[in-house]
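Since every read-out is calculated from the coordinates, none of them should be taken as a lab result. Remember, it's a predicted structure, so these values are computed and weren't measured experimentally. Don't worry about glycine lacking a Cβ; one is built from the backbone with ideal geometry, like all the others, and counts go over all protein chains shown.
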Amino acid sequence: RWAYVDGVFVPFASAAVPLEDRGLEFSESLYEVVAVINGKPFRLADHVERMLQGARELGLQEGVPPLARWQHVVADLWARERFDSAILYAQLTGGTAAREHLPGQRKKPLFFAYLRPFTFPAPSLIAQGIAAVTVPEMRWQRRDIKTTMLLPAVLAKQQARQKGAQEAIFVGQDGYVNEGASSNVCVVRSGVVASPPPGERLLEGVTLKAVSELCAELGLPFHRRWVSLSDLKGADEVFIASTTTLIMPVVRLDGQLVGGGKPGPITLRLAYHFQKLFTGEQTA
Ligand code: PMP
């Protein structure tokens with residue numbers, strides 16, 4: 001296996017990050033996970049743009065490779081490994097500096113990436129759906145930035161697993177739903193698809209953007225609006241969307257059935273069309 005670290009390809013096993021890397025010591029770090037099907041990255045340009053936005057917030061924008069470089073990196077890694085189905089994991093950190101919150105000298109960001117074989121949910125799993133639980137929001141206030149500060153998400157996923165569920169959905173103190181621990185959340189009511197509004201409360205998903213485009217193509221109304229906990233629990237259909245889960249129906253929520261415990265027709269329609277997009281779409 002291979003990795004791309006700081007501009008060069010190195011064997012995966014010998015690739016390393018220094019102890020004083022600011023990603024490791026301060027979580028001064030951003031990441032992206034991109035689906036790569038038969039060597040073709042899905043919506044790469046959206047992922048690069050999102051990392052660039054986060055990097056501007058952290059003052060690391062110079063460390064984000066341009067889109068063409070990402071394309072080369074994916075193509076080169078794929079030529080070496082040829083996984084049918086994989087994710088590209090990419091991370092940008094503040095780089096190495098003597099350990100100080102704000103180091104004096106200008107630091108050089110570190111960028112690394114590698115492919116990992118990954119099996120996306122098969123249509124037979126999407127036809128079953130998953131269980132989710134709701135958890136109080138306990139992450140920081142700038143969830144629109146895709147940082148690697150993922151401990152709260154890991155804790156929420158642990159809670160979900162303990163309760164026999166696959167995803168945890170964060171609900172704010174005001175009783176409104178934000179997003180899943182590693183996904184965006186959509187509800188369907190009377191044929192209208194809705195997801196909480198963009199802003200600092202949640203991460204804008206690349207997959208969610210594809211969902212909104214599919215809705216437009218299929219003539220389904222798609223709204224960004226606040227979704228309360230009771231709104232979520234009483235929805236006709238609920239689904240999550242992310243790079244790795246694709247469009248996945250939620251059929252059980254905090255132990256109660258959603259939409260009779262079966263994936264709903266609109267969710268399945270979107271999932272079907274998403275699958276086509278996913279397996280057919282070219283780079284960027
Ligand atoms: N929200 C959070 C908190 C996430 O971690 C993710 C990504 N796994 C998403 C939403 C979905 O984003 P994307 O569709 O770009 O994977």
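A few points about this structure:
- Estimated inter-spin distance, M138 and L155, nm [label 7 Å along Cα→Cβ]: 0.3
- Secondary-structure-derived ellipticity at 222 nm for the chain, considering helices only, amounts to -9000 deg cm²/dmol, per-run term -39500 (n - 2.57) for DSSP H runs with n ≥ 4.
- Percent RCO, i.e. relative contact order, over the chain, from Cα pairs under 8 Å lying at least 6 residues apart: 19
- Non-local Lys pairs in the chain, i.e. 8 or more apart or on different chains, that have alpha carbons under 19 Å apart: 7
- The chain: DSSP helices with Cα axial extent of at least 30 Å and average Kyte-Doolittle hydropathy no lower than 1.6: none
- Length gained on full extension, L257 to S27: 79.0 nm, using 0.36 nm per residue less the C-alpha separation.
- Computed FRET value (nearest 0.05) for K276 with E57, which takes r as the C-beta separation and R₀ as 35 Å: 0.50
- Residue (of Q105, V33, L92) at the positive-pole extreme of the chain, dipole from beta-carbon charges: V33
- Counted residue by residue at 0.36 nm each, then reduced by the alpha carbon distance between them, the extension gain from R69 to V8 reaches 20.8 nm.
- Antiparallel bridges, percent of DSSP beta bridges restricted to region 165-284 (to nearest 5): 85
- Cα centroids of region 125-153 and region 206-268: 15 Å apart.
- Rounded to the nearest 20 debye, the dipole size of the chain about its Cα centre is 320 debye, using +1 on the Cβ of Lys and Arg and -1 on the Cβ of Asp and Glu.
- Exposure proxy order (Cβ contacts within 10 Å, fewest to most) of S183, S242, S230: S230, S242, S183
- Take the Cβ atoms of E204 and E100, set R0 to 22 Å, and the FRET efficiency comes out at 0.10.
- When the charge dipole of the chain is built from unit charges on Cβ atoms (+1 for Lys and Arg, -1 for Asp and Glu) and taken about the Cα centre, the candidate among G172, P136, V154 whose Cα reaches farthest toward its positive end is V154.
- Between A131, A168, A122, the Gaussian network model of the chain with springs among Cα atoms under 10 angstrom shows the greatest mean-square fluctuation at A122.
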